[in-house]
1. Anything in region 270-287 that is more than 16 Å from the chain's Cα centre (by Cα), crowded, with 19+ Cβ neighbours inside 10 Å and away from ligand 1 (no atom under 11 Å from the Cβ)? List them, or say none.
2. Count, please, the residues in region 169-181 that happen to be surrounded by 19 or more Cβ atoms within 10 Å (Cβ to Cβ) and more than 13 Å from PRO147 (Cβ to Cβ).
3. Just to be sure, is ARG246 outside any helix (DSSP H, G or I) and either at negative phi or exposed (fewer than 15 other Cβ atoms within 10 Å of the Cβ) (or both)?
4. So, of the residues in region 151-175 that are under 11 Å from the mean Cα position of the chain (by Cα) and within 16 Å of ligand 1 (Cβ to nearest atom), which turns out to be farthest from SER58 (Cα to Cα)?
5. Give ALA235, ALA211 a once-over and let me know the one that is surrounded by fewer than 16 Cβ atoms within 10 Å (Cβ to Cβ), of a type in the set (A, V, I, L, M, F, W, C) and within 30 Å of PRO118 (Cβ to Cβ).
6. Among the helices (runs of 4 or more DSSP H) contained in region 58-141, which hold 3 or more residues that are among the small types (Gly, Ala, Ser)?
7. Look through ILE106, ILE33 and report the one residue that is in contact with a Phe, Trp or Tyr (Cβ under 8 Å, 6 or more places away or on another chain) and buried (at least 17 other Cβ atoms within 10 Å of the Cβ).
8. May I ask you to list the residues in region 181-220 that are part of a helix (DSSP H, G or I) and within 11 Å of ligand 1 (Cβ to nearest atom)?
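We did not get these values from a lab; they are worked out from the coordinates using the rules stated. Computed from a prediction, not measured in an experiment: that's the story for all the values here. Note that each Cβ is placed from the backbone with ideal geometry, even for glycine, and that neighbours are counted across all protein chains shown.
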Amino acid sequence: MAVKNDIDPAVAKKSILDYCLKKGALVAGVADIKAIERIAPEGHRPSDMWPRAKSIISLGVGGQTQGAWQIPAKALGYFGSTEVRAYTIAYGAAFLIENKFGKRAIYCPPDMDTEAGPRVPFQSLKLHAELAGIGARSLAGDILLHPEYGYMYFASIFTELELEPDPPMQENPCPTTSCVDLFRKTGQTPCMKFCPVQCLSGDINEAGNQAEMRYDMAACAEMTQQFEAVPGVLADAIRAEDEEEREDLLFDAENKILWYKLSVGSGGLLGQCFECMRVCPIANQSPQADPIRRYEHRMEAAAGDAEGDSI
Ligand code: SF4
Ligand code: SF4
C-alpha cells in the first residue's frame, strides 16, 4: 500500500471532522485511543478489533424530531431512530480517509460480538463518543446526552492516521436543576419516574451531581429488546400440548407483531421504549435538540448577524 508521508495531522483531522459535519453529523471528535485501551474490557479494546488502529473518530447525529416525541407510547419505539444515518456517515468517512490520505480506515461495527451474546457489542461506541467529548453519561442507564443537542445516535471510525484526541466533556449536563428538585422531593428523577418497568434508580449528591446510577438492563431489555422474546415464543410453541394451543401461541396479536417486526427488519425489535428520553429535559429541550430548535437557532443567529451588519 502506498503511504503518503506528508500528511499534516491537524489538517487531516479538520478535513475528516468537517466531512462528518457536512454529511449531517451534529458533532464529531477524536477519542483518546490509549484511554479506551485502558478502560474497555479485554476482548473489546480497539486493539482486539484492529491492532493497527491509531485513532478513533466518533460522530453523533440528531435523534427524534420534535413531532416524534409527541406520539403515543406504543408507536414511539418505531420512530426516530437515526443510527443508520450515523453509520452511513462513518462509512463515508472511512472511504474518505483511505482515498484522501492513503491510510487504512474502518467503519467500526456497532454490532454485537458473535461470541458473547446479544448484549455485548464488539466495541462500545458509547465509550468512544464519551471520550471524544461529544456526550456525557446520564442517570438514564448511561445514555449519552449533550448539553446543546440532547439525545443523539453515535458511530465510530478506526484509522491508522494519528490524530490529536479531543478531551471528554468537562461538565455533565445530567441531572438538570429541575431533575434534582424532583429527586429531592420524590427520590426519583423524571427518567426514573416514568420508566414503565422502573429499571432506573440512583443517587444525587449534595452538589446536585450524579453520585450513583443503577440500571436493570434485563428489565429494560425485556421491555425493549424484543428479539430476545422470539426464541421463548418458539420454545413455548414447540412444547405446546396440542395444535390449538400452538396456534394461540404463534398467532396471538402480541406474538404476531414479533413476526411482523422480523419480516420488515424493524428497529422496534431492538430499540428502546424511549419513555426515559421523552421526559428528559436535556433529550428534548436542549437548545438544539430537534430540527425545529435547530431551525430557530439558525434564524436567531442570522438575525443577530444582520443586526451586527447594520450597526
Ligand atoms: S428504554 Fe424504556 S424500559 Fe429502558 S430505561 Fe428507558 S424507559 Fe426504562
Ligand atoms: S431526566 Fe434526563 S437530565 Fe434528568 S436525570 Fe434523567 S437523564 Fe438526567
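1. Looking only at region 270-287, we keep the residues that are more than 16 Å from the chain's Cα centre (by Cα), and these are 279, 281, 285-287.
Next cut, crowded, with 19+ Cβ neighbours inside 10 Å only: 279, 281, 286.
The answer is PRO281, SER286.
2. Of the residues in region 169-181, 1 are surrounded by 19 or more Cβ atoms within 10 Å (Cβ to Cβ) and more than 13 Å from PRO147 (Cβ to Cβ).
3. So ARG246 does not fit the description; no.
4. TYR151
5. Only one candidate qualifies: ALA235.
6. Result: 83-101.
7. On the way: ILE33 fails: in contact with a Phe, Trp or Tyr (Cβ under 8 Å, 6 or more places away or on another chain).
The conditions single out ILE106.
8. PRO190, CYS191, MET192, LYS193, PHE194, MET217, ALA218, ALA219, CYS220
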